[in-house]
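J.: After the structure tokens below, expect a handful of questions from me.
Every number in this text was worked out from the coordinates using simple rules, so none of it is lab data. Computed from a predicted structure; not experimentally measured. Methodologically, a virtual Cβ is constructed for each residue, glycine included, from the backbone with ideal geometry; neighbour enumeration extends over all protein chains shown.
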Amino acid sequence: MNNVVDNTTTPSSNLSSGVWQRFTETASDGTQATVLYGEDSQADAAILLLLRNNELPRIVQWGRPISHAEYLVNCLDALKPQRVSGGLDDTDWPSIIPTQAEAWTGSNRFVVRRDGIELFCCFQTVDNSIAIDNRTVSIIAIDPEHSLTLLWKCEITESGLLRQQATITNGFKGDASAPTAQAVQTSLGIVSVDKIELAYPVPEEASEILSTTGHHLRERSPQRQPFNIGRIERLSMVGRPDFDASLLLSAGIPGFGFSHGEVYSTHVGWSGNSVLSAERTTYTQGLIGGAELLVGGEMQLGKGESYTTPWVYGAYGEGLNAVAARLHGFVRAQHPNLASKPRPVILNTWEAVYFEHSFDTLKALADKAKDSGVERFVVDDGWFMHRRDDTAGLGDWQIDPAVWPQGEKSLGALAHYVHGLDMEFGLWFEPEMINPDSDTARAHPDWIMHAARNRLPMQGRSQQVMDLTNPAAYDYVFNAMDALVDSLGIDYIKWDHNKLVTEPVSPYSGLPCVHAQTEAVYRIFKTLKQHHQGLEIETCSSGGGRVDLGILSLADRIWASDCVDPVERADIQRYTSLLVPPEMIGEHIGASPAHSTMRATSQQMRMATAFFGHLGIEWDLQKQNGAALERLAQWVGAYKQNRTMFESGTVIHADSSDPSVRVDGVIAKDRSRAVVRFTQLTTSKHYPVAPIRIPGLDADEVYRVRPLQVSLDLEGLGNGQSKLGWWNEQGTILPGEFLADCGIRPPTLNPAQAVLFEIVKI
């Protein structure tokens, strides 16, 4: 730079506000460089933004804090790429929204059209375009040729997450400081937005990608691939993230794991259509990020109207456990109610009775549930009009008197009985769907989404999608739910969503409507909770089909999968927990054989696998013998003794080269105690299995390690022919550093078995 910041000079401008600092200097080529450096040292997170003249900002670095921030203004000279042969006058150096006007040659990340013609934009910041408000920086830019205003926000959360969001407005004022104000132009055509994709750069060394894939009953299956030159996309166009969604797309040094390796992760906080991407061109370092995907004509902006993207999140850590801790801190901060109320043990009636509802049956099941320690009793599908199976009645949100007659055997009487047992009462709904064989569909065929005049979209589970963007349909659904919550004293709603949203056109507007439908769902969540203080809502979507930070800002629990087979759940829950705190993941003890896989497993395995999440039971307790019910009550009691720690602690997953082994746990916030689960999924290449490392403890402290009482008896679980020295009530005492570096020998277990042990600071 002409005025290089060295040990004898300081930047010409140094302004601080909240977690942000601002420095301005002149670069060696005469251009003005403005640096915005945001840092939260307590969260161990930082981001560096660079603005050159009036160009859009570039994210130069994010991750760990950087010392001597005053020198970061020199980053323009340090990092600006040279011009190379065969290219443009400037070499790709992507801004927050790279366009061809700044030499971007990768995929199109800003897709907007005016009157059907695609716009090639060149945004310029304006005077006084930067605003800082504690943790958030906002930057305004305009494209004077196309009469567009862009507002970009970047925030550092208290947990050390980064998130960014963009708003595009059709029109601008000369001041441009109020981008949503009515445009001064006398005539502006309609702007159609298809995609505004935001991203975070990652270093060259982050050359391996981890994402997850899956299907119904097998969500969150991990997969890795090289981060080569080109573009990787994980997209969903079915109105929800879906089973195949990669909750996180992560780039890291090759071989990064849960407890080691520099890793950068991104997530789109939206419950509709979306894309996660990783892209690297020959000219640039890698970018990871994503966007909402809008169908053509779905987002049309008149003069002065705006579209705001979902938040796109970035999380950095040394290993995935550190990334997860940032995300868990953010989600927990949005749900203070969960911290003030221990998660009630749930019994859900679905796999216990399916559609066979009656007062006597469910009353008897509630009695068994109470005896087992259950605190919340949830009546699943089958209570409303004409709902004897899954082919009819959906959308008829009135209690069916044929199943629940008025009087002493009504659904209201059951709710009253459940409350009398000092349990909460929950009820299942599927508000976004409708069966064509229903009174509601016959009376209001215009409430069903469809793109063709004389043809409905392909059905799924005998269902179509209710158009909640139609005010009449919305009011009907909301008012029915609102009235039932009030009349039955419902404490908890299980909200399901079982059909892929295809050909998503609203007959009411004539336009594609996934965006508006998603916003309508959010609005019902919010308004029900406003009307009924303390009401909790679980989001289920054929299991784990809708898990994202959009819905998690409103829902109190997610259903991770319709599969409760503990062998399958081992990885479903493990990779779901990278985004979702354990106390918000529904983890249920089911039957053996499992209804979804017909695999038989021990009661110990099923109970241990469900132990760290929001514990539930999906099991017909009326058919179980006394010994099984006694064991269940013991495990429920053990869960209650530990759940407060689970609801505030740090989730850990240990790395292992043995694919048959899983080591998962929760460490107390002050690292004084931990509970760890060792799972032997299949037979191991090691016999006996190798020692397992326990990450996350205080290396300078000493701990007692011993089995939890419910796992003390190994009889029938394994084939070790001599005693394991520490597997007794006294356990053994070891330094935290030893447990992290050397580990401890677990019991020799049979396949599909799991045990729990605790680690307590002495």
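J.: Dividing the Cα radius of gyration by the Kirkwood radius, what Rg/Rh value follows for segment 263-338?
T.: Ratio value, two decimals: 1.07.
J.: Loop-only check: which trypsin sites (Lys or Arg not before Pro) in segment 660-691 are DSSP coil with at most 16 other Cβ within 10 angstrom?
T.: Working: sites: R662, K669, R671, R673, R677, K685; in loops: K669, R671, K685.
Filter output for segment 660-691: K669, K685.
J.: So, one more: Where in segment 55-87 does the label zone of S41 land, with the point 7 angstrom along Cα→C-beta and an amide N cut-off under 20 Å?
T.: Output list for this probe position: 62-73.
J.: Quick one: dipole size for segment 217-354, taken about the Cα centre, charges +1 on Lys/Arg Cβ and -1 on Asp/Glu Cβ, in debye to the nearest 20. The partial results should precede the final answer.
T.: Details: 12 positive and 11 negative charges, 62 e Å.
It works out to roughly 300 debye.
J.: Next question. Helix 411-420 versus the longest principal axis of the chain: what angle, 0 to 90°, nearest 10, using Cα atoms?
T.: Helix 411-420 sits roughly 80 degrees off the main axis of the chain.
J.: Hey, rough spin-label estimate for A628 and Q100, points 7 angstrom out along Cα→Cβ, what's it come to in nanometres?
T.: 6.6 nm
J.: Using only the alpha-carbon atoms, how far is helix 566-576 inclined from the longest principal axis of the chain? Give it as 0 to 90 degrees, nearest 10.
T.: 30 degrees
J.: For the pair E118 and S28, what calculated FRET efficiency results from E = 1/(1 + (r/R0)^6), where r is the Cβ-Cβ distance and R0 = 35 Å, to the nearest 0.05? Mind dumping the intermediate values first?
T.: Working: r = 37 Å, r/R0 = 1.04.
Computed FRET efficiency for S28 and E118: 0.45.
J.: Here's a follow-up. Restricting to the chain, compute how many DSSP beta bridges are antiparallel as a %, nearest 5. Walk me through the intermediate numbers first.
T.: Values: 140 of 167 bridges.
Once the DSSP bridges in the chain are tallied, antiparallel ones form about 85 percent.
J.: Please report, to one decimal in angstroms, the Kirkwood hydrodynamic radius of segment 503-605 built from all distinct Cα-Cα pairs. Please list the in-between numbers first.
T.: Details: mean 1/r = 0.0636 Å⁻¹.
About 15.7 Å for segment 503-605.
J.: Restricting things to Cα coordinates, could you compute the convex hull volume per residue of segment 238-292 in Å³?
T.: On the way: hull volume 5.6 nm³, N = 55.
In segment 238-292, the Cα convex hull volume per residue is 102 Å³.
J.: Can you tell me the Rg and Dmax of segment 305-432, counting just the alpha carbons, in angstroms?
T.: Taking only Cα atoms of segment 305-432, I get Rg and Dmax of 20.0, 60 Å.
J.: For V760 and S657 in one chain, what is 0.36 nm times their gap in residues minus the Cα-Cα distance, to one decimal in nm? Before the final figure, lay out the partial values.
T.: Values: separation 103, 0.36 × 103 = 37.08 nm, distance 2.68 nm.
Once the chain is fully extended between V760 and S657, it gains 34.4 nm.
J.: Given the DSSP H assignment, sum -39500 (n - 2.57) over each helix run of at least 4 residues in the chain and divide by its residue total; what's the result at 222 nm in deg cm²/dmol, nearest 500? Let's see the in-between values first.
T.: On the way: 13 runs with 137 residues, N = 762.
Calculated at 222 nm, the ellipticity per residue is -5500 deg cm²/dmol.
J.: Which order results if C513, C154 are arranged by neighbouring Cβ count within 10 Å, fewest first? Mind showing how you got there, number by number?
T.: Details: C513 27, C154 24.
The most exposed by this proxy come first: C154, C513.
J.: How about K195: which lysines have a C-alpha closer than 20 Å to its C-alpha, ignoring those fewer than 8 places off in the same chain?
T.: Counting by Cα, and skipping residues close in sequence, K195 has these lysines nearby: K153, K303.
J.: Then there is this: Each label point is 7 Å from the Cα along the Cα-to-Cβ direction; what then is the distance between the points at K341 and D482, in nm?
T.: 2.1 nm
J.: Would you please give the residues with an amide H less than 5 Å from that of G743, counting only those at least 5 places away or on a separate chain, with H modeled from the backbone geometry?
T.: I694
J.: A follow-up question, please. Ordered by residue, what ³J(HN,Hα) values in Hz, to whole numbers, does segment 588-597 give under the Karplus form 6.51 cos²θ - 1.76 cosθ + 1.60, where θ = phi - 60° and Gly and Pro are x?
T.: 10, 8, x, 7, 10, x, 5, 5, 7, 10
J.: Can I ask one more? Antiparallel DSSP bridges in segment 336-559: what percent, to the nearest 5?
T.: Bridges in segment 336-559 are about 30 percent antiparallel.
J.: In addition: Let a ≥ b ≥ c be the square roots of the eigenvalues of the Cα gyration tensor of segment 535-658; is it rounded (a/c under 1.5), or, if not, prolate (a/b larger than b/c) or oblate?
T.: Values: a/c = 1.42, a/b = 1.40, b/c = 1.01.
It comes out rounded by the Cα gyration axes.
J.: Also, I was wondering about something else. What does the charge count around E647 come to, taking other residues whose C-beta lies under 11 Å from its C-beta (Lys +1, Arg +1, Asp -1, Glu -1)?
T.: Working: positive: R332, K341, R343, R643, K669; negative: E583.
Local charge sum for E647: +4.
J.: For segment 336-559, what's the relative contact order in percent, using C-alpha pairs closer than 8 Å and at least 6 residues apart?
T.: Details: 384 pairs, mean separation 38.6, N = 224.
The value is 17 percent.
J.: Give the relative contact order (percent, whole number) for the chain; include only Cα pairs under 8 Å separated by 6+ residues.
T.: For the chain, the relative contact order is 9 percent.
J.: Which lysines have a Cα less than 27 Å from the Cα of K761, not counting those fewer than 8 places away in the same chain?
T.: In chain and number order, the partners are K341, K640, K669, K723.
J.: Measuring from label point to label point, each 7 Å out along Cα→Cβ, what is the D133 to D700 span in nm?
T.: It is 4.1 nm.
J.: How large is the Kirkwood hydrodynamic radius of segment 598-641, counting all unique pairs of alpha carbons, in Å? Present the calculation step by step, with values, prior to reporting the outcome.
T.: Working: mean 1/r = 0.0894 Å⁻¹.
In segment 598-641 this quantity evaluates to 11.2 Å.
J.: On to the next question. Can you work out the FRET efficiency for the pair Q459 and A690, with r the C-beta to C-beta distance and R0 = 45 Å, to the nearest 0.05? Spell out each step's value before the answer.
T.: On the way: r = 51 Å, r/R0 = 1.12.
My answer for the efficiency is 0.35.
J.: Return the lysines within reach of K409: Cα separation strictly under 16 angstrom, same-chain partners fewer than 8 residues apart disregarded; answer none if there are no such residues.
T.: K363
J.: Could you tell me, in Å, what Rg and Dmax come out for the Cα atoms of segment 652-761?
T.: Considering segment 652-761 through its Cα atoms, Rg and Dmax are 13.0, 38 Å.
J.: Once the other residues with Cβ under 14 Å from the Cβ of G731 are scored (Lys, Arg +1; Asp, Glu -1), what is the net sum?
T.: With Lys, Arg at +1 and Asp, Glu at -1, the neighbours total +4.
J.: Suppose the Debye formula is applied to equal point scatterers at every Cα of the chain; what is log10 I(q)/I(0) at q = 0.10, 0.11 Å⁻¹?
T.: Each listed q maps to, in turn, -1.07, -1.24.
J.: What is segment 198-321's relative contact order, in percent, from Cα pairs under 8 angstrom and six or more apart in sequence? Present the calculation step by step, with values, prior to reporting the outcome.
T.: Details: 301 pairs, mean separation 36.0, N = 124.
Computed over segment 198-321, the figure is 29 percent.
J.: While we're looking at this one, here's another question. Using alpha carbon centroids, what distance separates segment 140-164 and segment 573-612, in Å?
T.: The distance from the Cα centre of segment 140-164 to that of segment 573-612 comes to 41 Å.
J.: For segment 106-112, take each phi angle, set θ = phi - 60°, evaluate the Karplus expression 6.51 cos²θ - 1.76 cosθ + 1.60, and give the result in whole Hz per residue in order, putting x for glycine and proline.
T.: Couplings: x, 5, 6, 9, 10, 10, 9 Hz.
J.: Using alpha carbons only, how many angstrom separate the centre of segment 45-100 from the centre of segment 271-310?
T.: Rounded to whole Å, the Cα centres lie 21 Å apart.
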